[in-house]
Each structure stands twice: as structure tokens, then as C-alpha cells.
Amino acid sequence: MAGQRAERADAARNRRAVLHATEQLLAEGGGDRVSLDRVATLAGVGKGTVFRRFGNRAGLLQALLEERSRELREAVTDGAPPLGPGAPAPERLLAFLDGLGAIAEGNAVLLSAHEQACAEDKYGDPSYRFWHGHLSGLLAASRPDLDAGFLAHALLSVFDGDLIRHLTPPGDPRRFTRSVQQMATALLGQG
């Protein structure tokens, strides 16, 4: 693309190392373990490298969440139906919630840390804006009589890391997603 430069090999390597270190710290002790100092040390880079690339802890967690959701974003915009264009809105909605639920169930600790770090600007987060815009469009197409923007916020509000962990027992790892899909089906009046 014009205006975008390719990422240098060392910068890409550092970015991967920093995101991997962040994942490792989240796995070891949750969001409280993630600091720019700890991430830099574990990644083997200087704190300035982390700060210049991500700005702060919130930026670091936003980047990791964006990395986790990139595949879903690409499937929504360019993938095959029902997740991608071409399927009826209600089918796309359930497929999207399935994909988002899978990300949430596999990254509940990241979501909790992200929620804490980004609480002041949650609605400005790039992942949140994309998810909200997509859900709003699907809800408006399915039920133009409802406030699609509000309902999209309401659906996204249940993607709370603590709630996800609470509703995801080891024997039923997709319970949370099924419940969100059932709620959406009820909202659409199709249940």
C-alpha cells in the first residue's frame, strides 16, 4: 500500500518477542504481572523499545488483542460465508459471535487485563470499534426496528474476562459462546 512501509526484520522480531513475553506474563499471573519493564526484560529488548512501539501497558494489551483477533477480522471482511460477506445477516451474526467467543474463551485473562488497562478508552479501542461496527450492521440488517448500536454494545458487554472464566468450565469450553448466541437469537426474535 502507498504510504505504508514494510516493517524492518529486527522490528518485526522485537514485536513478536514483546507480544510473546506479554502472553507469557499473562499466563503466569494475569494482568498484574504485565509491566513494560517485565515485558522488556523477558523479551530481551530495552524498555524504550517497548515504549516506542506500544506507548504504554494499554497499548501493549491492545496490540496483543488485535493480533489475536486479526484472523477473525480478515474472515469477516474477506472470508467465505457465513462469517464473510454473502450470507444472511442473522447467520453472519451467529458465525461472528462464534468466532469472537472462541477468541474470548481462549484469551479470558488477556480480556480482563485489557479491560482494566483500557477502561478509560474502551470504546475507542480498535478491536472494540471493529466488533461494534460489524455487530451494529448485522443487527440493523436483521432488525431495523431496534437500536442496533445499543444492542451491539450490550452484546459486547458480556465479553467480560471474569464472566467468561466463570462460565467456561473445563468440561464445556464453548458454554459461554453458546449462551451469547442464544441471547442474540432471542434478540432477533428467532428463538
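Key figures
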read-out	value
Residues of the chain: accessible area per residue with a 1.4 Å probe, Å²	53
Euclidean distance between Cα centres, segment 15-31 to segment 72-93, Å	30
Of all accessible heavy-atom area on the chain, the percent that carbon and sulfur account for (1.4 Å)	53
Cα-centred dipole magnitude for segment 68-142, charges only on beta-carbon of K, R (+1) and D, E (-1), debye, nearest 20	100
Nearest 10 degrees, 0 to 90: helix 108-117 Cα axis against the chain principal axis	70
Residues E91 and S179, FRET efficiency given R0 of 22 Å [Cβ-Cβ distance, rounded to 0.05]	0.75
In Å², nearest 10: area of V109 left accessible to a 1.4 Å probe	50
Size of charge dipole - the chain - debye, nearest 20, with Cβ of Lys, Arg +1 and Asp, Glu -1, no other charges	560
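The values are calculated or read from the model by the stated rules, or taken from the named source; none is laboratory data. Since the model is a prediction, treat every value here as computed from it, not as a measurement. Cβ sites come from the backbone with ideal geometry, for glycine too, and all protein chains shown count toward neighbours. What goes into the accessible areas is simple: the full protein's heavy atoms, side chains included, and nothing from ligands, DNA or RNA. Shrake-Rupley method; radii C 1.70, N 1.55, O 1.52, S 1.80 Å.
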